[in-house]
1. Among the numbered criteria (1) touching a helix residue (DSSP H, G or I) at 6+ places or on another chain (Cβ under 7 Å); (2) part of a strand (DSSP E or B); (3) over 14 Å from residue A:373 (Cβ atoms), which one does residue A:318 miss?
2. For the list (1) at pLDDT below 85; (2) in contact with a helix residue (DSSP H, G or I) (Cβ under 8 Å, 6 or more places away or on another chain); (3) surrounded by fewer than 19 Cβ atoms within 10 Å (Cβ to Cβ); (4) within 8 Å of chain B (Cβ to nearest Cβ), I need the number of the one condition that residue A:660 fails.
3. Can you tell me which of A:667, A:642, A:622, A:698 is in a helix (DSSP H, G or I) and either more than 14 Å from chain B (Cβ to nearest Cβ) or at pLDDT 90 or above (or both)?
4. Considering every residue within the stretch A:462-475, establish whether at least one is touching a strand residue (DSSP E or B) at 6+ places or on another chain (Cβ under 7 Å) and more than 30 Å from residue A:213 (Cα to Cα).
5. When you scan the stretch A:131-152, do you find a residue that is modelled with pLDDT of 85 or more, more than 17 Å from residue A:77 (Cα to Cα) and surrounded by 19 or more Cβ atoms within 10 Å (Cβ to Cβ), even just one?
6. Being in contact with a helix residue (DSSP H, G or I) (Cβ under 8 Å, 6 or more places away or on another chain), touching a residue at least 40 places away in the same chain (Cβ under 8 Å) and under 17 Å from residue A:271 (Cα atoms), is that true of even one residue in the stretch A:391-410?
7. Please return the ranges of helices (runs of 4 or more DSSP H) entirely within the stretch A:43-148 where 3 or more residues are free of Cβ contacts under 8 Å to residues at least 12 places away in the same chain.
8. Within the stretch B:12-30, take every residue that is outside any helix (DSSP H, G or I) and under 13 Å from the mean Cα position of the chain (by Cα) and give me the one that is farthest from the other protein chains (Cβ to nearest Cβ).
């Protein structure tokens, strides 16, 4: 994480920083071009200038980067096209050998540094600009994919490497790094600019890749590879530089040595000639024979002398040694040509030996002559001339150089005097070194170069070994970085997995805690056992109820919780349950009993459920102490049977009332009637009246009994709900009432199609009561009218029966529905006083409500609902 | 007074209450039902009359009545038991039985019909109503109604 953070931070800072520096650099150089300031353009007079177009390309690159950072995509793309266009144009011009006219399009070059095409950027700069343009266009314009960033990273890495390499070259003075061709060098500040652009583009790509894909880019190895390769290349170039310097030193040394050897060879010849001349001077009368012997001695030592000439005062050759082959020279003038004549004269006049430049010599080929003047008593007496051919006198030097592995040429005024081999091989030419040969009069140079074999052996293997090793190490480092990233990513995923795992463990712990709390919180005793009946878990309630300690129960057979008499059977039931483990009550219909540790027992209900755990099937039993429940149940049973008995009694009573109470009444009425019929003549009016009263009272009692029976029957009977046509029912009852008293005129207003769900029989009884009342109480009303209708009240059906009869005083409204409550005298309106009580009972049994409104003499209205 | 059409056309009145018995007989008589009326004062007596008494072969079964007026609340064997026996025996299976009782209980009515009662009449308290009811019963069952053929009896 920390690595990601600082790399992120560096990338975040690097991109705008490098881009701004590049922008500043480009502006300064452009300013230099306009201000004609060589210092700004060139940095140092010895260095190449940054061309105007180069500065323009850097400006475009920097602008593209900055605009991209500011999110100005379109402008950034336009700016990025500038370096690409400039670079491509320069390449086309250079390799297409055409002029597109861009070299001096903007300014005239004024610097003195020679370039092949004034104003044109170097080839390496052009290539770098193509790369920079492509990099920036990709970075700004291409879709944000891993491949894009990989390409940008590669290109910008290469760009950075190019710039750094050139900078390093400047620092190490290795021209090859910044100059691909002699006249095309990348300026030092151009190299700086490319480095900055490359770093900025790389940092930006890094940052965007990081933002886009949330991880350090997959190509983290690339910067490592580029960086490490740069170090390797630097080391290689350093070693190469040292190697080259070493070779140059060796060649130089050899050149000096060869130069000395050449000098020595010439000096030896000169010295020999001087001795010959000296001996003659000491013995001026030397005969030809004597001179030839002396010359012969000389020749014996230095056999490479082509010829020795004894020239007299007049310039004629008198004697020659060796004679063989040189006879033609004798008695002829020594000055064959102007050169010889000039150098002979010079020697005669200066009394100093002279050495001629190369001349054709009589014996064939070219050679040179040394003239040594002779003097006798201070007077010029002629010359001793030695004729030399170059190969002859340089044979030793050649052999020596050859043994050292070098070739050389002796050059005078640009003309080869001698050359050990033919053309200098191209490979070795550049390694050649020249030294001046220290000779009087002659301006000889020895040009020395190693033979190809020697050059190969001079080259050290160290640089290339270092490069290869360095690149190998770079690759390894890149690989390490790459795998380090993978390790980091894997480490991160391991960490994340750990965090997940930890949270899962926490969740699991919480779940377990919740599970345990739940087990403890329930009011039941919870016991979990395996399929063999071994207890694996109990809650505190279990321990509390059964009087055990937890360690007593864990692992114990569950049968310890049962009375001994049930244990055997329980094992069988347990096996059955395991065969078909479903959640269900245990021992349904049985009275289960639990046994405490002390042996006492208490009644329980047990629910069983299967637990499918990792350890296999387990069974959870929830045990409820039903001691109180059982007691309550027993009590309830008792009161129920008591109630049943009472009901039974009530039933019998009702039956008795219905049957037995009526029978005496019937006897009273019947025999009273018989008495009236059969014994009328023996009873006076008073007696007959009494008999009538007895009968009336008995009849009334019969009615009362019937009404009471109806009331009690309604209380007891079942209700069967079915749709009832209330209107139809009303018509029927009205007809019934009318037929009972056909003489009465009552106006009926019954709403059509009133329907209700109710018990048919009870609803009929209800209406009979209400309509009967209405009928009854309108008996004395002139224009009797009864309304039956329906009204809506809060969405519930509500019915009413309204009459315009006797009505009632609302003060007694609460008494209307009580049994035996009457608001009228019996002789006024007959009735039992139970009808409305029965009606109310019926309404209540239908879950409804009944109430009345009335006014004395203005009628009554009964409202009722049937369902709450 | 209507003369007896047939000596065998008796009416069996099963009634434990002497008052009711008297009233019933009076009602029958007053309404011109002149058939012989046999009164059984409890259920056992009624059964004895119809089937003969067990262990007393001398007293064999009487000729069957044309109509049985059967009260329900009876000593010894109650009316519904008597009715069940009547319907169980092939001989009395089709015998018209009218329940004449004070009970207005639904269960009595339902059970009576279930056991095969031909009619269920509640004795009203009001004497005139009672008289009228009995008159109609006699008229209907003894005169209007055609009894089942003799061989069935």
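The values are calculated or read from the model by the stated rules, or taken from the named source; none is laboratory data. Predicted model only: the values in this text are computed from it and were never measured. Quick reminder, even Gly has a Cβ in these numbers, built from the backbone with ideal geometry, and neighbours come from all protein chains shown.
1. Evaluating residue A:318 over (1) touching a helix residue (DSSP H, G or I) at 6+ places or on another chain (Cβ under 7 Å); (2) part of a strand (DSSP E or B); (3) over 14 Å from residue A:373 (Cβ atoms) leaves (1) as the failure.
2. (2)
3. A:642
4. From the stretch A:462-475, those touching a strand residue (DSSP E or B) at 6+ places or on another chain (Cβ under 7 Å) are none; that's our starting set.
Checked the stretch A:462-475: no residue is touching a strand residue (DSSP E or B) at 6+ places or on another chain (Cβ under 7 Å) and more than 30 Å from residue A:213 (Cα to Cα).
5. No: the stretch A:131-152 contains no residue that is modelled with pLDDT of 85 or more, more than 17 Å from residue A:77 (Cα to Cα) and surrounded by 19 or more Cβ atoms within 10 Å (Cβ to Cβ).
6. Within the stretch A:391-410 (the criterion being in contact with a helix residue (DSSP H, G or I) (Cβ under 8 Å, 6 or more places away or on another chain), touching a residue at least 40 places away in the same chain (Cβ under 8 Å) and under 17 Å from residue A:271 (Cα atoms)), the answer is yes, since at least one residue qualifies.
7. A:73-96
8. B:12
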